[in-house]
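Report on one structure; see the data block that follows.
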Amino acid sequence: MANKVDVLLGLQWGDEGKGKVVDVLTPLYDVVARFQGGPNAGHTLEFEGQKYVLRSIPSGIFQGNKVNIIGNGVVLAPDLFMDEARDLERSGHPLRERLHISKKAHLIMPTHRLLDAAYEAAKGKNRVGTTGKGIGPTYTDKVSRNGLRVGDILDNFEQKYAAHKARHETMLRALNYTCYDLTEVEKKWMEGIEYLRQFHLVDSEHEINHYLTEGRSILCEGAQGTMLDVDFGSYPFVTSSNTICAGACTGLGVGPNKIGEVFGIIKAYCTRVGAGPFPTELFDETGQRMRDIGHEYGAVTGRERRCGWIDLVALRYAIMVSGVTQLIMMKSDVLDTFPVIRACTAYRLANGTTTRDFPFDITNVTPVYTDLPGWQQPLTQITSEADFPAALSDYIRFLEHELQTPITIISVGPDREQTIFRHQ
Ligand code: GDP
Ligand code: IMO
Ligand code: MG
């Protein structure tokens, strides 16, 4: 299918179902690579009656002997990585040979997680509601040229670690965050560093470009979603990396001219975890039904996901900033019982005007909805587009028209098999 680099991205606030789609598409590629984020991600896959949640390991790890790469743009917590990798190995999925880790990926230290908590506490009611995994402080250290990288474990590591830790402790004291005991956590973290040494630690930018020269194909797996992008998301309620297509170029070292298809993953509705604006959020029984039927609870923190209708203003923007070429619609089955499905096509601004363009500030916008009839029949057993209820086909056509982008795959359940490729 692909002869270069295809990129798969979440277009909403994360948890769109990226992990499932990467797993489904992996047989079409030679290599799968993560390019940003870290263990704040929780990518769920289901097949053969088993469920797996991946945090740092790419979702291509289960489909044959494909190379999976953790790229330079990722932030890696050695202790959490060790737990995740050992669980996979125990469940019969070997990964030592097929998982390659960039020496340029940054390490999340235990003190980064403390700083994450300390900054959140200092923000008080303005807190972001982070996953607490140390993501922000680790990327801050990277950008301020204070970071510790995977490649650093190969030489004089203890000394470098101590210097970074001392600097963090000074910062924690300044934030009045002093009640902690790192003894156990640090022990396990260091064990994680030793564990990491058993993997292929690589110059992944060279490796990936070498694969491209050989004519091999690469699927890049995004984490989070466009609305959490540090530049284009609902700032400051965002994560600390670029989750858009350009992030794949910087997070792996591939040129933009190598990018082929850009897959945008969307839910048939919308969810968000953590704080921040969410124009189409539902606080009523309909939102609760989405949460119950869609099992909308965070894969990383177990928090309730906020639920609402699909937001086409935000999606048009997400498609624009990443150059999305195809959409993939997930969790269609969650809407099976809804008599009416609403889609936000525009925002009414505080000054009374209406816009279809995503504005600078979305805190005080009111969604303008188009109502469509629901299909009110179960989708989970459907295997072909020919069997789609008419109302579902109408909903798909409506979205394609509004978003000016084809929807090429429809997901009707969490299992790998519950995936329908549309023939356009
Ligand atoms: P990711 O972070 O984008 O990989 O998504 P998550 O794994 O955090 O959340 C998506 C959730 O929806 C997971 O529990 C998936 O198993 C589940 N899921 C994915 N596709 C579908 C679908 O089409 N229907 C239903 N009902 N669940 C799905
Ligand atoms: P996947 O890859 C949903 C949210 C957090 C918080 C904000 C910042 O599974 O889609 P961070 O810990 O990154 O500093 O938190 O971003 N967040 C996610 N929400 N899915 C994710 O990842 C997320 N990763 C971070 O809830 O609001
Ligand atoms: Mg997730």
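A short reminder: the numbers here are calculations on the coordinates, not readings from a lab. In this text the structure is predicted, and so the values were computed from the model without any measurement. In this analysis, Cβ positions are derived from the backbone assuming ideal geometry, glycine residues included, and neighbour counts consider all displayed protein chains.
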Between Leu107 and residues 5 or more places away or on another chain, the pairs with built amide H atoms under 5 Å apart involve Leu76, Leu148, Arg149, Val150
Normalised Cα Rg of region 164-287, dividing by 2.2 N^0.38 Å with N its residue count, works out at 1.48
Scoring only Lys, Arg, Asp and Glu (+1, +1, -1, -1) among other residues with Cβ under 10 Å from the Cβ of Phe237 yields +2
With Arg127 itself left out, Lys, Arg at +1 and Asp, Glu at -1 over residues whose Cβ is under 11 Å from its Cβ give 0
Within region 84-176, DSSP-loop trypsin sites (Lys or Arg not before Pro) with at most 10 other C-beta atoms within 10 Å are Arg96, Arg145
Classified through the alpha carbon gyration tensor (a ≥ b ≥ c as square roots of its eigenvalues; rounded if a/c is under 1.5, else prolate when a/b is larger than b/c, else oblate), region 33-111 comes out prolate
Asserting the computed 222 nm helical MRE of the chain (DSSP H runs at least 4 long, -39500 (n - 2.57) per run, divided by residue count, to nearest 500) equals -9500 deg cm²/dmol
Interchain or sequence-distant (5+) residues whose placed amide H lies within less than 5 Å of the amide H of Gly298 are Arg303, Glu304, Arg305
The local net charge around Leu315, scoring Lys/Arg +1 and Asp/Glu -1 for residues other than Leu315 whose Cβ lies under 13 Å from its Cβ, equals -2
Low-density loop GluC sites (Glu not before Pro), region 1-71, at most 14 other Cβ within 10 Å, DSSP non-H/G/I/E/B, are Glu48
Quick calc: nm separation of the 7 Å Cα→Cβ label points for His206 and Ser384 -> 5.1 nm
